[in-house]
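The values are calculated or read from the model by the stated rules, or taken from the named source; none is laboratory data. No experiment lies behind these values; they were computed from the predicted model shown. Positions of Cβ are backbone-derived with ideal geometry, glycine not excepted, and every protein chain shown enters the neighbour counts. Side chains included, ligands, DNA and RNA excluded: accessible areas come from the protein's heavy atoms. Shrake-Rupley method; radii C 1.70, N 1.55, O 1.52, S 1.80 Å.
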Amino acid sequence: MAELNTTIAGEVKRCNISFVTFYWTLPATGVHLYTNIALIAICLLVSLFGIIANVFVVICYVKNPRVRTLSNIPLLSVAFSDLLVSAVVLPLLVAKFIKEIYGTRNCILWASKGLATYFLFGVSLLSVTVISAERFITLAYPYQYQAILTKIRMNVVVAAVWIATFVVVISNIGLISFKVLQAIATLTIGLCIFFILVSWIWVYKLLKTHVRKINTNHRPSVVSKPETSQRQSYRNTGASGVIVFGLIISYIPSVVMLVYFWTEPESFTGIYLVSPWGETFLLSHSLFNPLYVFWRKSAFRETAASFIRRFTCHARQIDGRISIDLSKNSMQTQSLAAVI
């Protein structure tokens, strides 16, 4: 891999590839070394438990028809993106930290990790935006929402999110500059967060109005719907709100770093001491999201518990059969030995 000959900020150099990434030519020492060791441990733990938690979310969606509702379709999209973050991006980040410790580099690996991060968290952010829009439409238009929101339309929207994000990110390879990709990412994050905040302010007002009408014995503003009861609708709204605002909080350090890199793109402190913590915090949300789902959605918890019980029971049955077979073989061996 060709690289720039110009040394920037001491031993910080830039890989000469379309996706901008930097490397440190010397082995990590001092705070840089301790930072990498701590982040390696955190990333490995988040990767392991993130894979398990998100696999359970997908299993619950597939196994339980009660979970396969329209409002959970974008949640499944978030679970798939989080699963890929845990299984692909976090291990690549660990490999990057290990290489930095020994003073080695792989520009293709680091660029791949960067592109995968942009892609998967673009999908997560847009999916959360879809969740916010779905909650707003459900509460603001209780009589028309079934005509507006259908499973086919929701699936099309989620598919469009994945395709559009992939096209934008992959176009950075030889088509658009990294500065343009940064600008698109910053603008997209800003617009999505603005839309999410406005949507949830309206959702909060709608819920507050509904509760006030109930307390004054007026007709509720949201009627019972075939898909779910009013109470279940409010629980879904609460669960979605936790997931949405948890993801927004995780984006704050990344937004700050994006703005910072516009002014100081080759800062050693920013690249190796500050940015890794913000990136790890952002990637760690691949574990927090499924935990939010199991915390706030009882159907997911019950399905996961049932699956674990069945799996444990099946494992015990297999273990019992193996023990019986071993016992029979042992008795046959003893009988044969006695005859001999």
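Most tightly packed first, judged by the mean number of other beta-carbon atoms within 10 Å of their residues, the peptides 99-107, 47-55, 283-291 read 283-291, 47-55, 99-107.
When the pairs Lys63/Lys113; Lys63/Lys96; Lys63/Lys205; Lys63/Lys297; Lys96/Lys179; Lys13/Lys99 are compared against a 26 Å limit on Cα-Cα distance, Lys63/Lys113; Lys63/Lys96; Lys63/Lys205 fall above it. Each of the peptides 123-132, 244-253 was scored by the mean count of other Cβ atoms within 10 Å over its residues; in descending order, highest first, they stand as 123-132, 244-253. Here the Karplus relation 6.51 cos²θ - 1.76 cosθ + 1.60, evaluated at θ = phi - 60°, turns the backbone of segment 292-300 into coupling constants of 4, 4, 5, 5, 9, 10, 5, 4, 5 Hz, with x for every Gly and Pro.
For the peptides 134-141, 192-199, the ranking by packing is 134-141, 192-199, with the highest mean count of neighbouring Cβ atoms within 10 Å listed first. Each principal axis of the Cα cloud of segment 97-208 was evaluated for its coordinate range; sorted largest first, these ranges are 61, 28, 24 Å.
Think of a 1.4 Å ball rolled over the protein heavy atoms: segment 18-125 then has 38 Å² of accessible area per residue.
In order along segment 43-54, the Karplus-derived 3J(HN,Hα) couplings, from 6.51 cos²θ - 1.76 cosθ + 1.60 at θ = phi - 60°, round to 5, 5, 5, 5, 4, 4, 6, x, 4, 4, 5, 6 Hz, and Gly and Pro are given as x.
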